[in-house]
Amino acid sequence: MGEAIAFYTLAAFILGFAVLVVTTKDTVHSVLFLVLDFLFVAALYVLLEAEFVAVIQLLVYAAGIVVLYLFVVMLVNLKRLPEVYVDPNRRSQLGFWLSAAVLGELALVLVWGSAAPAPAVGSPAGPASSLVGNTEQVGWMLYTSYLIPFEITSMLLLVAMVGAIVLAKREL
């Protein structure tokens, strides 16, 4: 009963801060509400006994992404009025139909997923079953079963970082 009360309390705070992020007029206050929202999401992960995901939530989102948002907010002059510009090449109808197609695909996936039988859940075979904490299990799965996608992701991030440096270097 106590876990349910804690879950619904955290969920209410998460929704409340998310609404404040969107509705607040001051952008710095919006970023601060976003930090609070990320902290409560991390608390929700702790409640769900996913400590590793909670720490990653704090390090990546509450620290890194929010600092990036604050730099953008501080560097962009928000006091200036926006320029009036209408793009003659804008294709509103195409965007509408593409978004409708994506929503249709999402509905199809949801209907197909609810109609298909759920796969049987079993304990993992081999050395992963002897591990106790979820951090060890994430590490074991990351470096055994998911090693190739992990390495491909790291290579994509490296290429994106080098590309961003090259593009920034041209302007300097």
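Details
- Cα shape, the stretch 132-172, gyration tensor, a/c 1.5 rule: prolate
- By average C-beta atoms within 10 angstrom, highest first, the peptides 3-11, 137-145: 137-145, 3-11
- 3J(HN,Hα) couplings calculated from phi for the stretch 39-56 with the Karplus curve 6.51 cos²θ - 1.76 cosθ + 1.60 (θ = phi - 60°) are, in sequence order, 5, 5, 5, 5, 5, 5, 5, 5, 4, 8, 6, 10, 5, 4, 5, 5, 5, 5 Hz; Gly and Pro show x.
- Residues of the stretch 137-155 with amide N under 16 Å of the 7 Å Cα→Cβ point at F52: 137-151
- Coordinate range of the alpha-carbon atoms in the stretch 1-79 per principal axis, descending: 49, 25, 10 Å.
- V22-I65 pseudo-label distance in nm [points 7 Å out on the Cα-to-Cβ vector]: 1.6
- Using a cutoff of 8 angstrom between alpha carbon atoms and counting only pairs six or more residues apart, the relative contact order for the stretch 1-79 works out to 27 percent.
None of the figures in this text is laboratory data; all of them are computed from the coordinates on show. Bear in mind the structure is a predicted one, so any value in this text is a computation, not a measurement. As a convention, Cβ positions derive from the backbone with ideal geometry for all residues, glycine included, and neighbour counts pool all protein chains shown.
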